[in-house]
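The block underneath contains the structure these notes are about, expressed in structure tokens.
The values are calculated or read from the model by the stated rules, or taken from the named source; none is laboratory data. Quick caveat: nothing in here was measured; it's all calculated off a predicted structure. So basically every Cβ, Gly included, is an ideal-geometry build from the backbone, and we count neighbours across all protein chains shown.
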């Protein structure tokens, strides 16, 4: 299927540009909305075609396309997909139409700019997952900040400007350091290209690795976010409009973990191992801290936001376990978190659009008033907790197995996080759904309408599908995860160029320290 | 005594001759033929500049033919690219001056004549390997700009700007000239190639006198590019001058003075090595101070003044890297300069259109509130320029920064690069604040005037060109990058 990735990648952007010619205003917005939805659905269909054509038994990059872009610097337009990025691409193309469909009622002002931003955002996110060239990766990585910034800042809640600026500055501060590291790597490796795959074949000097790894890691850690770089997240999630939160939690956070997996770890395996203990500790702190913070929130949206910090800690734990279970569990967990936290934000959006508040104390007994809504809410919450039979379980359980293989203590501490997540979620459910209807305004609330059904159905279907039959996903992840593992477990350093004396010393010192398997 | 007839390549001189002739024509036309007829004068100016640009782009800098008048005039690749930069800056400044309401009732012939004279001075400064010609070029454009800065005679701020610029500028010129004299005393020549040869052959010439001379030249040129600590004049002058002049001042003199900077430092070679750390410190100070102060500005024009100082800092990074990584640094500088013309001129153009809409001609941040709701096109253009000035993809500003930072890293200046990128994070804060104000606030104050200025079409042309170029240089930079790399050739 030649050109399939390019079509998936740029279709949303072209759709967004075409919206420039649309008319907006009272009564004219339906055309804009429908067009945006159609564009995102066609993108989804194309990506489904790609999914079906994907060869599960092949570990390398598939559907690779390459074209010279800036030959002078060895920069090319190179895209491809493997088992790791495939699922994240699917997640993106599923969540975007869902977010657009949700926004039909939710967004009333500047609709054209809104849907343009969402479509540009989709291209940016897809580009990050598809890119096989550092420069291309960076362009999408930074380029997608601007539409997200607009979505939070223009259509967000009361403190939206503060949240948008904070989100932008945090992410940018991390990513400029990555830019320095990318250019440094380009000159230090002597490969003469920004092709990521070419850099995989060329080991980086052990003396340089910690610096470059740190620069990449800070950039990704802010995005994930790993404790203590998480402070932008509650603000951004709470202030963003619902669709923004869905995309932010569903896809954007995964770009950080994906960055660790695709770039930071395989490029600098030695440094990754050196930093592993530190990162695992921070991940564990994040798991517990996120859960505890979620427990004390009075705002449902903020609760969901902090639960993300906790769940993403699992992904980091899995990645830095350096084994197959951990790695494939992490990929599944990325997808699962995207689905369940995305669905949770949609649910929060439903009640917010009815009551214009998200305070837990304002609700209670919703089960009697809105039975269908409550059922969806319960399923989603259980999926987030990790109940067997739903998607959350598959990822977290696999990660815990992987962590256990590395160190039983890590698994034990992380398992506490699972328990805590049950505590804060069930407690919240109890206060919102069960009991008597305590606030009179809740008595007349309407149950889910047709559009809301349509929004939630694909999410719930995915929860059950992944929870009951995750085999096809694992089949696609595993070959790539194995290849990834052999890359990050490389221990012998091959140094072809005559290294500088100082670097040579580092290599020698390193070789003595590590037993060669 | 034999009289040596200097070689003169008239074709290569044409890009400078055209603006000078155009200036004379404009002055005469205004005086005798069409008093007060602005549009004719604008068109003459534009045609002259476009012709000069066409000749420049059509020319091929050939080795061996480059030097005329014994090196006083030099048309090498470096010159050619900078001509493109300066001429684009000049064309933009004419277009936006034609659209600025404040300038409507001022004498047109003198204004555009002075712009053309200034242009020729900048071009001469960029196109020479002779210290004296550097000085002559600098004085030609500086004197024109002193007048232009105070062109709105009725405004006290304009007078202040003009006087301040003149006094401090003359002082800086004195430093520059004194530095040149010392360099001449140490090496016995004003020709940069001669100087380089003598420095190489005769180590005694690298003594204190030479270093002091170089130091004074750093002061003089540092003043013209507005580098710290010689940038104090910039905010006041930029704010007081008419916006169209400010736009021109923030780009043209930078290109010319940096050209001299590069030529002098590359020919000083190892002898100028001790200045690497001086320039390093200047670069860091320029970027950091300007960015930190810019955050606090509530006037967009003044903010853009500080932003232009900050960009001088990024260009200094290229200058610092130019000794250890000559080709990348030089081409990076050239590319950056070209991108800067489009994004900065574009931003000033939007600013002029906004102040046109208002009675008081205000350029406060609040005047832009909610611009996206009543002038979506203008707001979108401004957003593109701000994104590019911040150095974010997919705009030219990103590729330019990427290129300059590559040069610095290749030259081994890791910390300098880290400081520079962190500075660009600070800068994002104040650039994006404009986006916040335009897109996330509601419009306030009196309704914008709906009467379009007669020069509206000029501004639209300028904006279209600026937006298209900013995006093109960011998304498909390859051909211009190749041009910049071909042009990173000195003196041959």
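The single condition among (1) over 20 Å from residue B:457 (Cα atoms); (2) assigned to a helix (DSSP H, G or I) that residue B:95 does not satisfy is (1). What do you reckon, is residue A:343 in a helix (DSSP H, G or I) and within 27 Å of residue A:285 (Cβ to Cβ)? Criteria met by residue A:343. Within region B:306-324, one or more residues are in contact (Cβ under 8 Å) with a residue 60 or more places away in the chain, crowded, with 22+ Cβ neighbours inside 10 Å and part of a loop (DSSP other than H, G, I, E, B).
Flag not set for residue B:455, criterion: at positive phi and either more than 20 Å from the chain's Cα centre (by Cα) or surrounded by fewer than 19 Cβ atoms within 10 Å (Cβ to Cβ) (or both). When residue B:371 is tested against the conditions (1) under 25 Å from the mean Cα position of the chain (by Cα); (2) touching a residue at least 12 places away in the same chain (Cβ under 8 Å); (3) more than 9 Å from chain A (Cβ to nearest Cβ), the lone failure is (1). Against the conditions (1) part of a loop (DSSP other than H, G, I, E, B); (2) surrounded by 22 or more Cβ atoms within 10 Å (Cβ to Cβ); (3) away from chain A (no Cβ under 14 Å), residue B:393 satisfies every one except (3).
For region A:81-88, the criterion of being more than 22 Å from the chain's Cα centre (by Cα) and either part of a loop (DSSP other than H, G, I, E, B) or more than 14 Å from chain B (Cβ to nearest Cβ) (or both) is met by none of the residues. On the basis of being buried (at least 21 other Cβ atoms within 10 Å of the Cβ) and touching a strand residue (DSSP E or B) at 6+ places or on another chain (Cβ under 9 Å), does residue A:155 make the cut? Against the criterion (buried (at least 21 other Cβ atoms within 10 Å of the Cβ) and touching a strand residue (DSSP E or B) at 6+ places or on another chain (Cβ under 9 Å)), residue A:155 does not qualify.
Is region B:410-422 home to any residue that is outside any helix (DSSP H, G or I), buried (at least 24 other Cβ atoms within 10 Å of the Cβ), in contact (Cβ under 8 Å) with a residue 40 or more places away in the chain and more than 8 Å from chain A (Cβ to nearest Cβ)? It would help to see each step written out before you state the result.
Taking region B:410-422 first, the residues outside any helix (DSSP H, G or I) are B:411-413.
Still in the list and also buried (at least 24 other Cβ atoms within 10 Å of the Cβ): none.
Among the residues of region B:410-422, not one is outside any helix (DSSP H, G or I), buried (at least 24 other Cβ atoms within 10 Å of the Cβ), in contact (Cβ under 8 Å) with a residue 40 or more places away in the chain and more than 8 Å from chain A (Cβ to nearest Cβ), which makes the answer no.
Among residues that are within 26 Å of residue B:211 (Cβ to Cβ) and outside any strand (DSSP E or B), residue B:231 is included.
Scan region A:138-158 for residues that are facing chain B (nearest Cβ under 10 Å) and over 18 Å from the mean Cα position of the chain (by Cα) and the total you get is 5. Residue check: is residue B:186 assigned to a loop (DSSP other than H, G, I, E, B), buried (at least 24 other Cβ atoms within 10 Å of the Cβ) and in contact with a helix residue (DSSP H, G or I) (Cβ under 8 Å, 6 or more places away or on another chain)? No, not satisfied. Taking region A:409-439 as the range and being more than 24 Å from the chain's Cα centre (by Cα) and either buried (at least 20 other Cβ atoms within 10 Å of the Cβ) or part of a helix (DSSP H, G or I) (or both) as the test, the residues that pass are A:409, A:412, A:423, A:426, A:427, A:428, A:429, A:430, A:431, A:432, A:433.
Return the residues of region B:360-379 that are in a helix (DSSP H, G or I) and either touching a helix residue (DSSP H, G or I) at 6+ places or on another chain (Cβ under 7 Å) or crowded, with 18+ Cβ neighbours inside 10 Å (or both); say none if nothing qualifies.
The initial filter retains those residues of region B:360-379 that are in a helix (DSSP H, G or I), namely B:365-368, B:371-374, B:376-379.
Passing the criteria: B:365, B:367, B:368, B:371, B:372, B:378, B:379.
Table: residues versus (1) within 11 Å of chain A (Cβ to nearest Cβ); (2) outside any helix (DSSP H, G or I); (3) free of Cβ contacts under 8 Å to residues at least 40 places away in the same chain.
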site: B:387; (1), (2), (3): yes, no, no
site: B:406; (1), (2), (3): yes, no, no
site: B:437; (1), (2), (3): yes, no, no
site: B:443; (1), (2), (3): no, yes, no
site: B:452; (1), (2), (3): no, yes, yes
site: B:459; (1), (2), (3): no, no, no
site: B:463; (1), (2), (3): no, no, no
site: B:467; (1), (2), (3): no, no, no
site: B:474; (1), (2), (3): yes, no, no
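Within the set A:129, A:120, A:135, A:102, the sole residue that is surrounded by 24 or more Cβ atoms within 10 Å (Cβ to Cβ), within 14 Å of chain B (Cβ to nearest Cβ) and part of a helix (DSSP H, G or I) turns out to be A:135.
Matching residues to (1) surrounded by fewer than 19 Cβ atoms within 10 Å (Cβ to Cβ); (2) in contact with a strand residue (DSSP E or B) (Cβ under 9 Å, 6 or more places away or on another chain); (3) on the phi < 0 side of the Ramachandran plot:
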{"residue": "B:6", "(1), (2), (3)": "yes, yes, yes"}
{"residue": "B:11", "(1), (2), (3)": "yes, no, yes"}
{"residue": "B:15", "(1), (2), (3)": "no, no, yes"}
{"residue": "B:18", "(1), (2), (3)": "no, no, yes"}
{"residue": "B:22", "(1), (2), (3)": "no, no, yes"}
{"residue": "B:43", "(1), (2), (3)": "yes, no, yes"}
{"residue": "B:95", "(1), (2), (3)": "no, no, yes"}
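Only a single item in (1) in contact (Cβ under 8 Å) with a residue 12 or more places away in the chain; (2) in a helix (DSSP H, G or I); (3) over 27 Å from residue B:105 (Cβ atoms) is not met by residue B:170, and it is number (1). When A:75, A:94 are checked against the criterion of being buried (at least 18 other Cβ atoms within 10 Å of the Cβ) and more than 14 Å from every other protein chain (Cβ to nearest Cβ), a single residue qualifies: A:94.
For region A:1-20, a residue qualifies if it is closer than 11 Å to residue A:127 by Cα and surrounded by fewer than 19 Cβ atoms within 10 Å (Cβ to Cβ), and the qualifying residues are A:6, A:10. When you look at residue B:43, is it under 22 Å from residue B:259 (Cβ atoms) and in a helix (DSSP H, G or I), yes or no? Taking the combined requirement at face value, the residue does not satisfy it.
Of the residues screened, residue A:318 is not one that is more than 17 Å from residue A:397 (Cα to Cα), in contact with a helix residue (DSSP H, G or I) (Cβ under 6 Å, 6 or more places away or on another chain) and at pLDDT 90 or above.
For region A:159-272, please list each of the helices (runs of 4 or more DSSP H) lying entirely inside it that holds at least 1 residues being within 30 Å of residue A:340 (Cα to Cα) and more than 14 Å from chain B (Cβ to nearest Cβ).
Working: elements: A:160-189, A:196-200, A:209-223, A:232-239, A:242-247, A:253-259.
Filter on region A:159-272 gives A:209-223, A:232-239, A:242-247, A:253-259.
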